[in-house]
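Comments concern the structure below.
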Amino acid sequence: MWTRGLLLAVAASTLCVAADTAPSADAILDAAKAQAQDSRAVWVIFHASWCGWCKKLDSFIEAQKPTFDKYFVVAHIRVDEHQGSKFTDDPGAKALETSLGGANAGLPFFAFVKGDGMIVNSMAPLKGNIGHPSQPHEVDWFMEMLQKAAPGMTAGERASIERPLRAQKT
């Protein structure tokens with residue numbers, strides 16, 4: 001028979017476990033949407049701790065931070081972590097990734113989501129996921145994505161983003 005004290009201890013333990021878990025992918029996206037309001041798009045990036053291309057994309061975003069912050073709120077979603085890693089997938093990450101068109105896309109997969117419902121993802125038509133854009137067709141698609149997701153971005157801002165992408169060694 002359960003006593004009131006035992007029930008309270010179990011409830012408290014459950015709350016502690018719940019507080020230690022990662023936020024869900026949907027909660028991460030919702031928080032980013034709230035921060036973006038209607039003035040910026042959310043840049044949802046699916047990544048994993050072991051992914052070198054994910055780290056390269058993060059470094060590129062950091063190098064372009066002032067421009068990207070002007071037009072986007074970045075939301076990282078952890079997915080496809082290896083078993084035994086100190087990191088785990090964010091709950092619901094695979095479902096959200098699939099809903100944004102990234103089922104089996106590989107990492108990093110990303111999408112720009114706007115308040116009006118517009119979504120453009122890193123799946124280049126007839127080419128597949130561009131990940132961190134490094135090949136000419138990948139940079140082409142990324143620049144198209146930026147035009148759709150941030151139509152107010154100036155030509156000079158786009159050029160400052162495109163230039164290092166075109167110049168990088170792969």
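Over the range 70-119, what is the relative contact order in percent, taking alpha-carbon pairs closer than 8 angstrom and at least six residues apart? Walk me through the numbers before you get to the answer.
Values: 27 pairs, mean separation 10.0, N = 50.
The normalised contact order for the range 70-119 reaches 20 percent.
Around V74, under 11 Å between beta carbons, what's the net of Lys plus Arg minus Asp minus Glu among the other residues?
Numbers: positive: R40, K65; negative: D58, E62, D69.
Within the 11 Å Cβ shell, the charges total -1.
Checking the cross-link filter: which aspartates and glutamates have an alpha carbon closer than 19 Å to that of K94, excluding same-chain neighbours under 8 positions apart?
D26, D30, D80, E81
So between D38 and A95, what do we pick up on full extension, going 0.36 nm a residue minus the alpha carbon distance? The partial results should precede the final answer.
On the way: separation 57, 0.36 × 57 = 20.52 nm, distance 2.44 nm.
So the chain would gain 18.1 nm between D38 and A95.
Residues with beta-carbon under 11 Å from that of A150, excluding A150: net charge, scoring Lys, Arg +1 and Asp, Glu -1?
Details: positive: R40, K70, K114, K148, R158; negative: E157.
Spelling it out: positives minus negatives among the neighbours equals +4.
In the chain, what % of DSSP beta bridges are antiparallel (nearest 5)? Mind showing how you got there, number by number?
Values: 10 of 17 bridges.
Looking only at bridges with both residues in the chain, the antiparallel portion is about 60 percent.
For a label point 7 angstrom out from the Cα of N104 toward its Cβ, which stretches of the range 122-137 have the backbone nitrogen within less than 18 Å?
From the range 122-137, the list is 122-131.
Structure shown: which of K55/K127; K86/K127; K127/K148 lie over 26 Å apart, alpha-carbon to alpha-carbon? Each step should come with its number before you reach the end.
On the way: K55/K127 22 Å; K86/K127 33 Å; K127/K148 18 Å.
Exceeds cut-off: K86/K127.
How high is the relative contact order of the chain, in percent, with contacts defined as C-alpha pairs under 8 Å that are six or more residues apart? Could the numbers behind the result be given before it?
On the way: 229 pairs, mean separation 37.3, N = 170.
Normalised by residue count, the contact order of the chain is 22 percent.
Please give, to one decimal in nm, the separation of the simple spin-label points placed at A63 and T21, each 7 Å out from Cα toward the Cβ.
Each label point is offset 7 Å from its Cα along the Cβ direction, giving 3.9 nm.
Which value in Å does the Kirkwood hydrodynamic radius of the chain take, with 1/r averaged over all unlike C-alpha pairs and then inverted? Mind showing how you got there, number by number?
Details: mean 1/r = 0.0574 Å⁻¹.
By the Kirkwood definition, the hydrodynamic radius is 17.4 Å.
Placing +1 on the Cβ of each Lys and Arg and -1 on the Cβ of each Asp and Glu in the range 23-167, which of M143, P108, T88 has its Cα farthest towards the positive end of the resulting dipole?
M143
Using the Karplus equation 6.51 cos²θ - 1.76 cosθ + 1.60 (θ = phi - 60°), what ³J(HN,Hα) coupling, rounded to whole Hz, does each residue of the range 78-83 give in order, writing x for Gly and Pro?
7, 8, 6, 5, 6, 4
Size of the dipole of the range 54-170 about the Cα centre, Lys and Arg at +1 and Asp and Glu at -1 on the beta carbon, nothing else charged, in debye to 20? Each step should come with its number before you reach the end.
Working: 14 positive and 14 negative charges, 57 e Å.
Charge dipole of the range 54-170: 280 debye, to the nearest 20.
Once the Cα atoms of helix 136-149 and of the chain are each reduced to a long axis, what angle between those two axes, in degrees from 0 to 90 to the nearest 10, is obtained?
Roughly 70 degrees, rounded to the nearest 10.
Where a number appears in this text, it was derived from the coordinates with a stated rule and is not lab data. What you are looking at is a predicted structure, and each value in this text was computed from that prediction instead of being measured. Here Cβ is always computed from backbone atoms with ideal geometry, including for glycine, and neighbour counts include all displayed protein chains.
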